[in-house]
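Please read the structure below before turning to the comments.
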Amino acid sequence: MAASPLPPPDPQFVLRGTQSAVHALHFFGGAQGQGCPLLLSGSLSGLVHIWSLQTRRAVATLDGHGGQCVTWLQTLPQGHQLLSQGRDLKLHLWDLAEGRNAVVDSVALESMGFCRSSVLAGTQERWMLAMPGRGSDEVQILEMPSKTSVCTLKPEADAKPGMPMCLELWQADSNPRPLLLAGYEDGSVALWDVSERKVCSRVACHTEPVMGFDFDSQKARGVSGSAEKALAVWSLDEQQALQVCRTHELTNPGIADVKIRPDRKILATAGWDHRVRVFHWRTMKPLAVLRFHSATVHCVAFAADGLLAAGSGDQRISIWSLYPTHSDMSAPLLGPAEGREVGAHAVA
Amino acid sequence: MDPARSAVLLAVREALHNLSTSEDGGHILSTLGALKRYLQGAENPALPGEQEEFARMHFSAVLRCLVGRLSSGWLGLLPDGQLEDLWASFFLEGPADQAFLVLMESIEGAAGPSFHLMKVAQLLARFLNTGRMAAVMEGQCRPPAEPAFPLLQETLLTKVVGLPDHLGNRLQRENLEAFLPQNYFPLLGEEIMRALQAVVDSLRGGWDCSVSFLSRVLGKACVHGRQKEILGVLVPRLTALSEGSCLWQRVCWRLVESVPDRAMEALLTGLVEVAAGPEVLSRLLGNLVVKSRKARFVMTRKILFLQHRHSTPTLQSLLGYLAMDSQRRPLLVQVLRELLETWGSSSAVRHTPLPQQRYVSTALLICLVHLGEAELQDSRDELLASLMAGVKNRLDSSLPAVRRLGMIVAEVASARIHPEGPRLRFQYEEDELSRELLALAAPLPVADSPAEAEASPSVAPVAAETPAGSADGGVPQAQLEGSGSDLDSDDELVPYDMSGDQELKSGKAPAYVRDCVEALTSSEDWERWEAALRALEGLILRSPAAVREVSVELAKVLLHLEEKTSVVGFEGLRQRALVAVVVTDPAPVAEYLTSQFYAVNFSLRQRMDILDVLTLAAQELSRPGRLPKAPQCGSPSPGSQPSSTPAPAWRAVVEERIRNKTRRFSQGSARRGPDARPNEFNLVAGYFFFPLLRHFDRPLVTFDLLGEDQLVLGRLVHTLGALMYLAVNTTVAVAMGKALLEFVWTLRFHGDAYVRRGLLSAVSSVLLSVPAERLLADLPDELLEARSWLADVAEQDPDEDCRLLAVRALLLLEKLRHTLVPPAPP
């Protein structure tokens, strides 16, 4: 340890060609031996690019948001379906199987906020979608694909947390009831019990709006970033009460996105200071500061095999390979069906 | 009575005759035995009346005779030292005061060390060891019986206290241990205690007693400077005894009260130092300060205002003593008032040495702790007025230490005197002094809690971090292999180099000096403004030619630059940029800056900035080997640290590789020394120096160097000294030295210590920079005058630094004389 530190790393490669700022990233496929992994990126100009990480070229471009920024991308485990959320107040469901790229279904959003939606999908046909609701502080839960509104989560009148800024639906292993974590405009993170429509716990993590968080359901610990100069690490105890464990000071203010790697070893933050920071997840020890971009980094994403992608306002997507994962560790985290037919698709 | 008297007279006469003439041992023995009957406590005693008569009239004569006969032959008349024992018993068992006086008399009468003297001295030592000194003093505590008493007492007093001196004089190197002052005075203390015990016992028995002799002994011993020895014994014993007993307490008070006035100061200073805390002092002294004027003067004025050698605990016990009794508290208020006045008086601020100012401040804070709200309220207006005047005087001082003291005391005092008013809060850095003073200001019971509060958080994080630390570093290797747990291989994640992770700056830095000027003058974009300021110094050093076109304009912009946004390190950036401008184009810019120094619309801060910049630029210009280095380093100012970049390490590796692969045929030095170059300051020193001297005695509306802006004057003098020093080896040095000495001469009696320090260092730099021959040829009169002035300052200046600087300058003068006039052969 006493030896001089490793020189700062360089990106493994860089994807150019979105021709506008990158606001959403999502890895798709890429489990071992199952063909070529893909990277999906959503841009300010409303396009979704599908990149092959093998050829490092865009293999397809989806245009469905009328020139408005794409803020969120997510694939579903069953089939080859992609969800994309745009600032045109539309949430599209795309079918990507066998080279298709058509909008199958779409949901109208009723909130102009920046909140990204979240899905909870198992292996069943039906899945759950959480998205910002009609009222500025509401979250709406839909059952998909029937689009039936399950409920609307509205904070108590005196709480005034502001708009929801980021959402995460999850389900504890022991408990089948779905839970929703929501970061709010006043800097607090709240845990909702969706079926009872009540807040289990709420904790103020930041003094500025929560811009992004990620939650490790195995350790019941989460990390959130906000417009301020610190990361907050919080945990959830058995009584489903949230509490802040610690905060971590940063050099520059503003975190746009936080992601924990699927093997839960490291986490990455997208900074307004053009840098991606990598931390050790258990100890929160800073591991690296990735300096490549020349504008705000809007989003980061981890692939199942540990690859890190960062999308920035400078229209570039940088791909980094840090602390490679052991290959046997990554498998359980993706549905078995997901990667298989992607290879076929990629050929097409 | 009469027959007894004559019988005793006859017997004594005969015995004396026998003693002085007889050489027969048996005869002497029987004579002495007969005489011994008259001593108290002898077997087969004489009548009490006869005993008394003997003791009163004849004992001294007998003793004198005995001492007179003493010789080795006489003692050898009887075997086994019988005669000596008997001889000694007269001294040890008879009336102690007479025995003591005779012994001292014979010792003083001796010419020099001899057998006789040694015997008497040994007897005196036995006398002391057997506790007879207590008997001497006890005797003086009883009511007087004879008219000649005072004279005898005076003699006794002198002998008792002066014993070590007398013995030392007589015995010279043969002196006995017991007579050394460090042994004798503790013994005397013990004996005083025993005498006091006897006094207390007889008071209990209902007899009259007086402790005045004991007081005089004590006072005299203290006047002799033996407070520590004698009080070191007395005070703890008295403290213990007076704790439970009113009688002892009264005896103590009486003992101190009857000390003569001239010894009061010595005794009280000793007592205050030795006593452990105000309670003890209060028990020993009672209300002495109220009763005795002398004691009051010593306690409330002399120790506080005229001395400053006492330690803080001493002060605490003294002021605590004043605070302990309702009769003494008015004194404490008065002390506080006087302390505040002294603390704030401008002449005291200027003329007392720093340790004394610190001492007064300490006393002031202790006073404030002891006084209650109500007492402070009573004289609040007066106290506030003198406090505010004092704060003003202190903040005006140009010595940082004086200002600091002012700030600390003002904060504490204003909070106590005027608790409901707005809190004063100064910005000073915390250091040992401030912590010490603030700790004094904390009320005593509360004083412990901050320490604990400080201690506990420092413990907590350690405890919290230990498990994490051990999990981090101490996971056994075997566990890492294969196990899929959380702890798995966490330690493999070695951090990358994160030194580049600095605060984000926008990349709008101008690339040309002219752009910088434009950005600094007209930009409303603060990021650009800050970037321009940061880039400026590097740009100036990189393109000197471009700078020369706009140098004066740039200097003007920089001089007037205000910190509009709170840029970190603004002062340093501006200063370095200004220095770079001056260095690049010295003559016009220095001319501009020096002219602005005496211009109207500048703040003192700006004027001092001008001085600093001129000094730094002169230093840079006069640095040998400047040119080759300047373009590379980019930061000429001392104190700016080169940023750590990985390049040097990389270069070292490459050079090492080259060295390993290169064969050298000779072992010559690989590197040349710095090139010899002319001092660049030579050409421009005049532009820096002379304009600054031009107008110092012409006050402006906003700027009066000889008046209240003495801080700037001090800086100016220091700057001139520095410029003079940097002008070493230049041709103008002689003219500069002459002008500077004249300047120093006009200001030599300035009241401000900071200015005087500057003057003294200026003289030193003249002596260092001007060549010795020229100094003697051109400035002989000035040197003579300076010399006598320096000698005066070295002896009399209240400021320690001034004295030191004056001595240094004198040494330089002396050295100069030796170089010019080699010491004449004897």
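Total residues in the stretch A:240-249 satisfying the condition of being in contact with a Ser or Thr (Cβ under 8 Å, 6 or more places away or on another chain) and either open to solvent by less than 50 Å² (accessible area, probe 1.4 Å) or in a loop (DSSP other than H, G, I, E, B) (or both): the figure is 3. Within the bounds of the stretch B:657-673, is there any residue that is modelled with pLDDT of 70 or more and of a type in the set (Val, Ile, Thr)? Within the stretch B:657-673, one or more residues are modelled with pLDDT of 70 or more and of a type in the set (Val, Ile, Thr).
Of all residues in the stretch B:505-558, those that are open to solvent by less than 50 Å² (accessible area, probe 1.4 Å) and small (Gly, Ala, Ser) total 11.
Assess whether A:Ala157 counts as being in the same structural domain as A:Gln243 (by TED's automatic domain parsing), outside any strand (DSSP E or B) and among the aliphatic types (A, V, I, L, M). The answer is yes for A:Ala157. The criterion of at least 1 residues that are in contact (Cβ under 8 Å) with a residue 60 or more places away in the chain and within 20 Å of B:Leu720 (Cα to Cα) is met by none of the helices (runs of 4 or more DSSP H) wholly inside the stretch B:760-824.
For the stretch A:231-281, filtered to residues that are at the interface with another protein chain (Cβ under 10 Å from one of its Cβ atoms) and of a type in the set (A, V, I, L, M, F, W, C), the residue that is nearest to A:Ile319 (Cα to Cα) is A:Val278. Only one of (1) surrounded by 15 or more Cβ atoms within 10 Å (Cβ to Cβ); (2) at pLDDT below 85; (3) not small (Gly, Ala, Ser) fails for B:Glu174. Which number is that? With (1) surrounded by 15 or more Cβ atoms within 10 Å (Cβ to Cβ); (2) at pLDDT below 85; (3) not small (Gly, Ala, Ser) applied to B:Glu174, the lone miss is (1). Taking the condition of a type in the set (A, V, I, L, M), away from chain B (no Cβ under 12 Å), open to solvent by 10 Å² or more (accessible area, probe 1.4 Å) and in a strand (DSSP E or B), does A:Ala309 pass? Here the answer is no, as A:Ala309 does not meet what is asked. Being of a type outside the set (D, E, K, R), assigned to a loop (DSSP other than H, G, I, E, B), open to solvent by 40 Å² or more (accessible area, probe 1.4 Å) and over 27 Å from B:Cys141 (Cβ atoms) holds for only one residue in B:Leu9, B:Leu29, B:Leu77, and it is B:Leu77.
A quick yes/no check of all residues on (1) free of Cβ contacts under 8 Å to residues at least 24 places away in the same chain; (2) within 19 Å of A:Gly66 (Cα to Cα); (3) open to solvent by 10 Å² or more (accessible area, probe 1.4 Å); (4) polar (S, T, N, Q):
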position	(1), (2), (3), (4)
A:Leu83	no, yes, no, no
A:Glu110	no, yes, yes, no
A:Phe114	no, yes, yes, no
A:Ser136	no, no, yes, yes
A:Val139	no, no, no, no
A:Lys147	no, no, yes, no
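Scanning the stretch B:782-798 for residues that are open to solvent by 20 Å² or more (accessible area, probe 1.4 Å) and more than 22 Å from B:Val734 (Cβ to Cβ) yields B:Ser788, B:Ala791, B:Asp792, B:Ala794, B:Glu795, B:Gln796, B:Pro798.
Cβ separations smaller than 6 Å between residues 6+ apart or across chains give the following pairs from the stretch B:153-182 residues that are within 20 Å of B:Cys222 (Cβ to Cβ) to residues that are among the aliphatic types (A, V, I, L, M) and in a helix (DSSP H, G or I): B:Lys159/B:Met104; B:Val160/B:Val217; B:Val161/B:Ala221; B:Phe179/B:Leu167.
The number of residues in the stretch A:72-89 being closer than 20 Å to A:Ala121 by Cα and either in a strand (DSSP E or B) or of a type in the set (A, V, I, L, M, F, W, C) (or both) comes to 10.
Taking the stretch B:588-611 as the range and being open to solvent by less than 50 Å² (accessible area, probe 1.4 Å) and in contact (Cβ under 8 Å) with a residue 60 or more places away in the chain as the test, the residues that pass are B:Ala590, B:Thr594, B:Phe597, B:Tyr598, B:Phe602, B:Arg607, B:Met608, B:Leu611. Against the definition (at pLDDT below 95, open to solvent by 10 Å² or more (accessible area, probe 1.4 Å) and away from chain B (no Cβ under 14 Å)), how does A:Lys198 come out, yes or no? Considered against the rule, which asks whether it is at pLDDT below 95, open to solvent by 10 Å² or more (accessible area, probe 1.4 Å) and away from chain B (no Cβ under 14 Å), A:Lys198 comes out as yes. Picking from residues in the stretch B:722-733 that are in a helix (DSSP H, G or I) and open to solvent by 20 Å² or more (accessible area, probe 1.4 Å), the one that is nearest to B:Asp612 (Cα to Cα) is B:Ala722.
Of the residues making up the stretch B:328-346, just one is within 19 Å of B:Gly277 (Cα to Cα) and surrounded by fewer than 17 Cβ atoms within 10 Å (Cβ to Cβ), namely B:Arg329. Selection over the stretch B:489-500 of residues that are at pLDDT 65 or above and at the interface with chain A (Cβ under 7 Å from one of its Cβ atoms) gives a count of 7. Among the residues making up the stretch B:260-317, those that are assigned to a helix (DSSP H, G or I), open to solvent by 10 Å² or more (accessible area, probe 1.4 Å) and of a type in the set (Gly, Ala, Ser) are B:Ala266, B:Ser282. Kindly indicate whether B:Leu83 is within 58 Å of the chain's Cα centre (by Cα), without any contact (Cβ under 8 Å) to a residue 60 or more places away in the chain and assigned to a helix (DSSP H, G or I). For B:Leu83, the condition - within 58 Å of the chain's Cα centre (by Cα), without any contact (Cβ under 8 Å) to a residue 60 or more places away in the chain and assigned to a helix (DSSP H, G or I) - is not met.
Among the residues making up the stretch A:283-295, those that are touching a Gly at 6+ places or on another chain (Cβ under 9 Å) and either without any contact (Cβ under 8 Å) to a residue 60 or more places away in the chain or more than 14 Å from every other protein chain (Cβ to nearest Cβ) (or both) are A:His293, A:Ser294. Close contacts from the stretch B:501-516, counting a first residue that is over 16 Å from B:Val552 (Cα atoms) and within 14 Å of chain A (Cβ to nearest Cβ) and a second that is at pLDDT 75 or above and surrounded by fewer than 16 Cβ atoms within 10 Å (Cβ to Cβ), with Cβ to Cβ under 7 Å and a gap of 6+ residues or different chains, come to B:Ser506/B:Glu527; B:Lys508/B:Glu527. Collect the residues in the stretch A:296-306 that are open to solvent by 10 Å² or more (accessible area, probe 1.4 Å) and either without any contact (Cβ under 8 Å) to a residue 12 or more places away in the chain or closer than 9 Å to A:Phe27 by Cα (or both), keeping them in residue-number order. Result: A:Phe302, A:Ala304. Put simply, of B:Ser258, B:Ser326 the only residue that is of a type in the set (Ser, Thr, Tyr) and out of contact with any helix residue (DSSP H, G or I) (no Cβ under 8 Å at 6 or more places or on another chain) is B:Ser326.
The values are calculated or read from the model by the stated rules, or taken from the named source; none is laboratory data. Note that the coordinates shown come from a computational prediction; the quantities given were computed from them, not determined experimentally. A quick note on method: Cβ atoms are made from the backbone with ideal geometry, for glycine too, and the neighbour counts reach across all protein chains shown. Side chains are part of the model used for accessible areas, which takes the heavy atoms of the whole protein and leaves out ligands, DNA and RNA. Shrake-Rupley method; radii C 1.70, N 1.55, O 1.52, S 1.80 Å.
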